[in-house]
1. Work from the charge dipole of the chain (Cβ charges, +1 for Lys and Arg, -1 for Asp and Glu, about the Cα centre) and give the residue of Asn10, Val194, Thr237 farthest towards its positive end.
2. Would you indicate which of (1) 31, 26, 18; (2) 35, 24, 17; (3) 51, 26, 21 is the value of semi-axes √(5λ) of the Cα gyration tensor in Å derived from the coordinates of this structure?
3. Tell me which aspartates and glutamates have Cα within less than 19 Å of Lys196's Cα, excluding those fewer than 8 residues away on the same chain?
4. Gaussian network model of the chain, Cα springs within a sub-10 Å range: biggest mean-square fluctuation belongs to which of Ile181, Ile79, Ile23?
5. State the answer as a single residue: which of Ile281, Leu116, Ile175 lies farthest towards the positive end of the charge dipole of the chain, with beta carbon charges of +1 for Lys and Arg and -1 for Asp and Glu, about the Cα centre.
6. What dipole magnitude, in Debye to the nearest 20, does the chain give about its Cα centre under +1 on Lys/Arg Cβ and -1 on Asp/Glu Cβ?
7. Cα to Cα, under 16 Å, and not fewer than 8 places away if on the same chain: which aspartates and glutamates meet these conditions relative to Lys133?
8. Return the distance in nm (one decimal) between the two label points of a simple spin-label model at Glu169 and Lys261, each offset 7 Å from Cα along Cα→Cβ.
Amino acid sequence: MELIQNADDNEYTVKEPFIRFIIEQDKILVQNNGKGFSEKHVQALCDVANSTKTKKMGYIGEKGIGFKSVFRISHTQQIFSNGFRFELRGNDKEFPLSYIVPYWIENVPNYVDLGLTNIVLPLREDISEDFFKKFQELDPTLILFLRKLKRIEIHNIINQTMDKIILKEENGIRIIQYNNIKKNYKVIKQVLSVPKEVREDKRNEIEETELVLAFPLDEKGDAKTDEEQKVFVFLPTRSYGFKFLIQGDFLVTANREEIHKDKKWNIWLRDSIPDVLIKSIEEFKKDNQNQ
């Protein structure tokens, strides 16, 4: 999830930004077609609480240690991007307790595509089989609320499978294609002016925020209400009983799976949902009149 979010925050000059995961028994190769690394990105990776992102972007990695969470699965990360090629060592004996130092890589492996950004994650020996199953559990709807990524690929070399999540838009309808399955969604957005009294410490720079509702559609273009849907903070959290998807810049717990219930910012966002729902009903009425 952290790598997907980082890829979505990248800058692009291509029409179809993508991220690709190539999974092998001993490593994971992550490829992305963004503009690539610059010096400031390298420095941000090697420092704690130093990010190239701003809170006004609504990003998730607020603690400045997001990418470094990959040390949980890999002792060493190798990065090849835009002329940079270096590795970060989690078990660095020379700098064991201070900061992360980039080490230059002389030889480029033949599986690295220098036309893309490549992150190579050699897996720790204690990685369980359950870890690999998490890629099969990836929720295709997560692409619905990402700002830039239009394609997510998972190439599993272990079991010889390839999954693709592709996002397209036609006539105002967002279409998610997951392998051979297509699902349509009507997306309603509303920009909210943030009252001063609800600005939390992590949101005190925000003057406006966007609240988005997405409705699964049946073959006739009507909203489907037969399943509970998840709440998203750019990436999925969990279901709270709603029959439509909700995307908002909520404050979440450290594991990103829960939304803080007692934060005044979150309470304000929650209480704003009915206004966007009413707007959505009006949009569906217009669609029916135009048919």
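Throughout, read-outs are computed from the coordinates displayed, never taken from laboratory work. Quantities reported herein were computed from a predicted structural model and do not represent experimental measurements. Quick reminder, even Gly has a Cβ in these numbers, built from the backbone with ideal geometry, and neighbours come from all protein chains shown.
1. Val194
2. Recomputing semi-axes √(5λ) of the Cα gyration tensor in Å here gives the entry labelled (2).
3. Lys196 reaches Glu205, Glu207, Glu208, Glu210, Asp249, Asp262, Asp271.
4. Its mean-square fluctuation being the largest, the pick is Ile181.
5. Result: Ile281.
6. 480 debye
7. Counting by Cα, and skipping residues close in sequence, Lys133 has these aspartates and glutamates nearby: Glu24, Asp26, Glu153, Asp163.
8. 3.6 nm
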